Amino acid sequence: MKKIFGKPDALKDNPFHYCPGCGHSIIHRLVAEVIDELGIKDRTIGVPPAGCAVLAYNYFDVDMCEAPHGRAAAVATGMKRILKDRVVFTYQGDGYIAAIGTAETIHAANRGERITAIFVNNAVYGMTGGQMAPTTLLGQETTTSPGGRLPLRDGFPLDLSEMLALAAGSVYIERTSVSNPKGIIRTKKAIRKAFEVQLEDKGFSLVEILSACPTNWKMSPKDAVRWVDETMTKIFPLKVIKDVA
Amino acid sequence: MSEKTLMRGTHVLGEAAIRAGCRAYFGYPITPQNELPEYMASAFARMDDAVFIQAESEIASINMVIGAAAAGARVMTSSSSPGISLKQEGISYLAAMELPAVIVNMMRGGPGLGNIAPAQGDYFQATRGGGHGDYRVIVFAPAYGQEIADMTRQAFDLADYYRIPVMILGDGMMGQMMEPVVFPEPIDPAKLPEKEWVVNGSKGRSSRIILSLWLDPPKEEELNWRLARKYSAITEVIPDQEMYLTDDAELVLVAYGTAARIAKGAVHRARESGMKVGLYRPKTLWPFPSKALAKLCDHVRHFMAFEMSTGQMVEDVRLAVEGRREVSFYGRPGGVVSTPEEVAAIVSSAYHGKAN
């Protein structure tokens, strides 16, 4: 019998622990497929986040090194500067990269570090139970923005990717979503390009991926992906934000 | 360079680090230690295989240290008191992930922003772990330029051997003072033993993970006991001290680093006045050299801790003496540097049984 579909080599056999409708499983798979296709499994090192994907090292079958919350870009910098011919990627959520890790991320981009950041934006802190994130939309109800996010109380949704595009050292930044099949195909292409930019030694690359969190949004998986498509993309439009590769 | 060279403490440390095979330095400017990152920047700019980054913060720099250590490099960062506070989270992770690194603290007056004068207020922070969780780091306290060179070499070797962060605890005065030094021969980092735990891509082997997350309490407990066993082993081997004129001493000053040099001057003055006074100088602060100090209880009647703080190391002296002899304290915090005459006067009062 001919095998026509299987698990990427860059994923271990461990079943994902993610909630139904969560985008992490899809995004893990896409990253692993790209690693396989580029033939870089044995020279890739990943830096997993704190949060729901903290156990990413149980899934990716590549070398992995944890970082303190927010500091993946700095840990990846130290690693990549020592191992110039390896591929280093970080995997972070919105609270991680756009709140506690803002400084490390902007400065890594500004130095043009040859690393690739996978930025999963689901507009809440997931693991800790659905608190307000820097990317929470105005009016969006979370456990720490009761009645919905108010700009003068809670600040505005932060568009970190646009900020990173201003840094001269960033080379490729795209925002995609995994809320529909077309978006998933587009996301994979973006991840591939982001890794290629690193392989070509051009500078900092990042893919921001809008991803549903049905559990903390208190929606069905179906409603959650529709909310990504219809509401979230209005504030975080899907596009190539920067490409000077 | 086996002949004597006259260099300031910060430069001695930098040169010794490079000779120990250090090829990565990450830091953020703060006085009084800026000559060290400047030395590293200029030396590494002339080397093909070395990495220097002036990071955006102390937090970023300690995390770059984590990355470089996980990748297998001999790596160092340095700062002064407030900056070391910012690095503590990362040092806790280094301890938990069992990553080797060398961290230099050229202490200044504190708490808070304090000032830029030499002080010793970070003793507790250095010797009790400093960050969150149940861990220790090896702490060296050099007092002389030559010791800075020797201890820096030892720091890198021990960090690798035990897979532990090692701190070199100095102060602003030590960093600036110029002294003659003979450096050890340089090590070629390529010839160091292979580290079989690094994450550098899984070519020819299965993939590896370096982490500090142990969600299952028995697993976290296992890590804690493994670290505790490592710390016990270190405590058996590492403690080191200088004992100066202690053989016949009735009163012994206990002091480290710059304070020990002042104390030595006080010992000379006391001896000239006919008092049997000696100096016990811990060279390692963690582990504290308790055993050799405890032995002095056989003939010493009074131990006086002298620190550039309001009294921190004195607690370790009391723990070592275990109530058998009188332990007192004299100190000047906040960046005030005592003179040997001042300390000698305090010693004289104590020696002759007067309250001070």
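The values are calculated or read from the model by the stated rules, or taken from the named source; none is laboratory data. Predicted model, so just to flag it, every value in this text is computed and none were measured. Backbone-built Cβ (ideal geometry, glycine too); neighbour counts: all protein chains shown.
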Legend entry - Of all residues making up the range B:1-43, the number that are under 19 Å from the mean Cα position of the chain (by Cα) and among the charged types (D, E, K, R): 4
Legend entry - Answer residue from the range B:322-333, given it is surrounded by 15 or more Cβ atoms within 10 Å (Cβ to Cβ) and small (Gly, Ala, Ser) and is farthest from B:Gly110 (Cα to Cα) among those: B:Ser328
Inset, instruction - May I ask you to list the residues in the range A:47-58 that are under 16 Å from the mean Cα position of the chain (by Cα) and more than 7 Å from chain B (Cβ to nearest Cβ)? - result: A:Val47, A:Pro48, A:Pro49, A:Ala50, A:Gly51, A:Cys52, A:Ala53, A:Leu55, A:Ala56
Inset, instruction - Might you let me know whether the range B:207-228 holds any residue that is more than 14 Å from every other protein chain (Cβ to nearest Cβ), out of contact with any strand residue (DSSP E or B) (no Cβ under 7 Å at 6 or more places or on another chain), farther than 21 Å from B:Ala143 by Cα and surrounded by 17 or more Cβ atoms within 10 Å (Cβ to Cβ)? - result: yes
Inset, instruction - Answer with yes or no whether A:Ala123 is crowded, with 24+ Cβ neighbours inside 10 Å, in contact with an Asp or Glu (Cβ under 7 Å, 6 or more places away or on another chain), more than 10 Å from every other protein chain (Cβ to nearest Cβ) and under 19 Å from A:His24 (Cβ atoms). - result: yes
Inset, instruction - Go through the range A:1-45 residue by residue and tally those that are at pLDDT 95 or above and among the aromatic types (Phe, Trp, Tyr). - result: 2
Inset, instruction - Scan the range A:59-93 residue by residue and report those that are in a loop (DSSP other than H, G, I, E, B) and either in contact with a Phe, Trp or Tyr (Cβ under 6 Å, 6 or more places away or on another chain) or more than 7 Å from every other protein chain (Cβ to nearest Cβ) (or both). - result: A:Tyr59, A:Pro68, A:His69, A:Gly70, A:Lys84, A:Asp85
Inset, instruction - Can you give me the number of residues within the range A:127-138 that are touching a Gly at 6+ places or on another chain (Cβ under 6 Å) and under 18 Å from A:Trp227 (Cβ atoms)? - result: 1
Legend entry - Selection count where residues are assigned to a loop (DSSP other than H, G, I, E, B), under 28 Å from A:Leu83 (Cβ atoms) and touching a Ser or Thr at 6+ places or on another chain (Cβ under 9 Å), scope the range A:17-48: 1
Legend entry - Criterion: more than 12 Å from chain A (Cβ to nearest Cβ), closer than 26 Å to B:Tyr256 by Cα and without any contact (Cβ under 8 Å) to a residue 60 or more places away in the chain - qualifying residue of B:Pro37, B:Pro32: B:Pro37
Legend entry - Given (1) within 21 Å of A:Ser205 (Cα to Cα); (2) in contact with a helix residue (DSSP H, G or I) (Cβ under 8 Å, 6 or more places away or on another chain); (3) within 12 Å of chain B (Cβ to nearest Cβ), index of the condition A:Val34 fails: (3)
Inset, instruction - Inspect the range A:35-45 for any residue being under 15 Å from the mean Cα position of the chain (by Cα) and either surrounded by 20 or more Cβ atoms within 10 Å (Cβ to Cβ) or under 28 Å from B:Glu56 (Cα atoms) (or both) and give the result as yes or no. - result: no
Inset, instruction - Kindly indicate whether B:Met178 is surrounded by fewer than 16 Cβ atoms within 10 Å (Cβ to Cβ), modelled with pLDDT of 95 or more and of a type in the set (A, V, I, L, M). - result: yes
Legend entry - Residue ID - nearest to A:Arg192 (Cα to Cα), chosen from residues in the range A:9-48 that are touching a His at 6+ places or on another chain (Cβ under 8 Å) and in contact (Cβ under 8 Å) with a residue 40 or more places away in the chain: A:Leu11
Inset, instruction - Please enumerate the residues belonging to the range B:1-56 that are within 27 Å of A:Ala73 (Cα to Cα), part of a strand (DSSP E or B) and of a type in the set (A, V, I, L, M). - result: B:Ala24, B:Val51, B:Ile53
Inset, instruction - Hey, can you tell me all the residues within the range B:50-76 that are among the polar types (S, T, N, Q) and either closer than 18 Å to B:Arg19 by Cβ or facing chain A (nearest Cβ under 7 Å) (or both)? - result: B:Ser57, B:Asn63
Inset, instruction - Could you check, for the range A:99-106, whether at least one of its residues is on the phi < 0 side of the Ramachandran plot, surrounded by fewer than 24 Cβ atoms within 10 Å (Cβ to Cβ), assigned to a helix (DSSP H, G or I) and of a type in the set (Ser, Thr, Tyr)? - result: yes
Legend entry - Scan of the range A:194-208 for residues that are closer than 12 Å to A:Val88 by Cβ, part of a strand (DSSP E or B) and of a type outside the set (Phe, Trp, Tyr), ordered by number: A:Ser205
Inset, instruction - Output the number of residues of the range B:77-95 satisfying the condition of being more than 12 Å from chain A (Cβ to nearest Cβ), surrounded by fewer than 24 Cβ atoms within 10 Å (Cβ to Cβ) and hydroxyl-bearing (Ser, Thr, Tyr). - result: 1
Inset, instruction - Give B:Leu213, B:Leu192, B:Leu223 a once-over and let me know the one that is touching an Asp or Glu at 6+ places or on another chain (Cβ under 8 Å), touching a residue at least 60 places away in the same chain (Cβ under 8 Å) and assigned by TED's automatic domain parsing to the domain that holds B:Leu99. - result: B:Leu192
